[in-house]
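This report refers to the structure that appears directly beneath it.
The values are calculated or read from the model by the stated rules, or taken from the named source; none is laboratory data. Here the structure is a predicted model, which is why all the values come from computation and not from measurement. Cβ placement follows ideal geometry from the backbone for every residue including glycine, while neighbour counts extend to all protein chains displayed. Quick note on the areas: whole protein, heavy atoms, side chains included, nothing else; ligands and nucleic acids left out. Shrake-Rupley method; radii C 1.70, N 1.55, O 1.52, S 1.80 Å.
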Amino acid sequence: MQVPAATASGDDAPELVHVGRVTALAVIAALGGFLFGYDSSVINGANKAIYLQFDITNGFMQGFIVSVALLGSAVGAFIGGGLAERYGRKRVMLIAAVLFLIAGIGTAFPFGVIDFMGWRIVGGFAIGLAAIVSPMYISEIAPAHMRGRLSSLFQFAIVIGIFSTQVVNQIVLNIAGGSSSNDLGPFHAWQWMFISMIVPAAIYFLLALTLPESPRYLVAINAGDRAKAVLESIFIEPVEAKVAAIRASLDAEEKSKLSDLRAKGSGLLPIVWIGLALAIFQQFVGINAVFYYSNLIWEAVGYPPTEAFTTSTIISIVNVVFTVVAILLVDRIGRKPLLLIGSAGMAVSLGVIAYVFEAAPQNAQDAPELSHAGGLVAVVALNAFVAFFASTWGPVVWVLLGEMFPNSIRAAAMSVTVMANWIANFIVSETFPELVHVGLGIAYGLFTLFAVLSFVFTWKWVKETRGAELEDMAALEQV
């Protein structure tokens, strides 16, 4: 389909693009996000059975088994940018797909807890690669006026992956009679949960084979004719000026490396600090505590296992629906306004959750004993929190990390900031089980504090990037 589309500002002439073509490329690249969400949250349905399978009763070890994959993600993110610069975006996506496939098989058939954690790290490494290369690729093939929506597809794929995990896990749980420890054919139910990841990993690999390489990488390796051909498949009008702009941007600076992130004197460039803060705040509001431990949370406050699973599935549906809202709004409203709205909404909803849990009486297991009304308020507030996150901080941070850095430092800056995102994720995931023992009210009170801080930070430091070309980001940062 060939259509003109207005630019974000509406002041410039619209670019004519092959919308179907560029959307298809972005969707395939975003499948890395689907595996990201699937692999990271599949543990939610299997964690209790795994604790029993390997006789793990220590709270620290229970948290570590869930969160150890995030250490692999941090490593994958740290080296992913360098791999993408050296070998290309497409090859790194293919590597990630193979690793997802291997991790699915390994976690389904472990010999013991050590190699189970090892396979979790392999899957986490693949997640880290996908978190770097997918947003990078999408931002580099997307027209400026469509970049926010297309980049948001990565987060949309993540939430679809999370939702798919919930659905598959619940189907497996129901067939197995309500317990992931039960036998289901030749394997335990929890093993089928991990086996199910093999199918999307194989599909991702096959579809990634059909992708063209990023035009910016092709220009960087002096394959200008191939870059021109890729751009001509996306843009209807002549693309020579775009190839020249990419070349000029790349020639203006040395090849991206970690030392380029340092400011004169000491410390990091301001734009890198901003990226780091965005990446850390996205995790410190506690979103993954919801998705990794939601079943255990609801069981802790009195929901039977099947009802707890259903409640978690509803949360995943909310996550999907409101991510669509973000896709529709990010190029209309802009990045910064959405972040501010999200921070305010998350602060209020998290504050309500913290109050409900803190005010509730404790049962014999020191868990909050929620009344029917209190449980209803907690469910509604938690879904509101997920809705605000999914429509703002979830996708918008990935959009910004993929586009906010100048070409000269994009790969290195994304490696550092996405690594920070996974380290922050690890901290939250590892400490949350112990925080639950201290008190759910305290845990959600801390998340509320970070939501408030994220509002202040965004208001003061984040700049709007809507409608700007990637080649113009360096100039934008001087404004």
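Listed values, structure above:
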| item | result |
| --- | --- |
| Any hit, segment 366-389, residues being within 16 Å of residue 271 (Cβ to Cβ) and assigned to a loop (DSSP other than H, G, I, E, B) | no |
| Residue that is nearest to residue 202 (Cα to Cα) [pool: residues in segment 67-108 that are surrounded by fewer than 22 Cβ atoms within 10 Å (Cβ to Cβ) and of a type in the set (Phe, Trp, Tyr)] | 87 |
| Of all residues in segment 411-438 being over 30 Å from residue 85 (Cα atoms) and among the polar types (S, T, N, Q), the one that is most open to solvent (accessible area, probe 1.4 Å) | 431 |
| Qualifying residue in segment 125-137 (condition: among the β-branched types (Val, Ile, Thr) and under 25 Å from residue 315 (Cα atoms)) | yes |
| Subset of segment 403-448 [within 22 Å of residue 346 (Cβ to Cβ), part of a helix (DSSP H, G or I) and of a type in the set (Gly, Ala, Ser)] | 420, 424, 429, 441, 443, 445 |
| Residue satisfying all of: in segment 118-152; among the aromatic types (Phe, Trp, Tyr) and open to solvent by 10 Å² or more (accessible area, probe 1.4 Å); farthest from the chain's Cα centre (by Cα) among these | 119 |
| Residues of segment 243-293 that turn out to be open to solvent by less than 30 Å² (accessible area, probe 1.4 Å), under 20 Å from residue 417 (Cα atoms), part of a helix (DSSP H, G or I) and at pLDDT below 75, as a count | 1 |
| Odd one out for residue 298, checked against (1) buried (at least 18 other Cβ atoms within 10 Å of the Cβ); (2) modelled with pLDDT of 75 or more | (2) |
| Residue 13 being modelled with pLDDT of 80 or more and either open to solvent by 10 Å² or more (accessible area, probe 1.4 Å) or of a type outside the set (Ser, Thr, Tyr) (or both) | no |
| Boolean, residue 159 is under 20 Å from the mean Cα position of the chain (by Cα), crowded, with 24+ Cβ neighbours inside 10 Å and of a type in the set (Val, Ile, Thr) | yes |
| Sole exception among (1) modelled with pLDDT of 95 or more; (2) under 25 Å from residue 410 (Cα atoms); (3) over 20 Å from the mean Cα position of the chain (by Cα); (4) not polar (S, T, N, Q) for residue 85, by number | (1) |
| Count - residues of segment 442-467 that are open to solvent by 10 Å² or more (accessible area, probe 1.4 Å) and more than 22 Å from residue 70 (Cα to Cα) | 16 |
| Subset of segment 219-242 [part of a loop (DSSP other than H, G, I, E, B) and in contact with a helix residue (DSSP H, G or I) (Cβ under 8 Å, 6 or more places away or on another chain)] | 239 |
| Tabulated pairs, segment 394-420, first more than 14 Å from residue 280 (Cβ to Cβ) and charged (D, E, K, R), second in a helix (DSSP H, G or I) and open to solvent by less than 10 Å² (accessible area, probe 1.4 Å), C-beta under 6 angstrom, 6+ apart or interchain | 403/139 |
| Residue check, residue 357 among the aromatic types (Phe, Trp, Tyr), within 27 Å of residue 33 (Cα to Cα), surrounded by 21 or more Cβ atoms within 10 Å (Cβ to Cβ) and modelled with pLDDT under 95 | no |
| Hits in segment 180-227 (condition: charged (D, E, K, R) and touching a residue at least 24 places away in the same chain (Cβ under 8 Å)) | 213, 216 |
| Cβ-Cβ under 8 Å pairs, at least 6 apart or on other chains, segment 233-245 side touching a residue at least 40 places away in the same chain (Cβ under 8 Å), far side part of a loop (DSSP other than H, G, I, E, B) and open to solvent by 40 Å² or more (accessible area, probe 1.4 Å) | 245/469 |
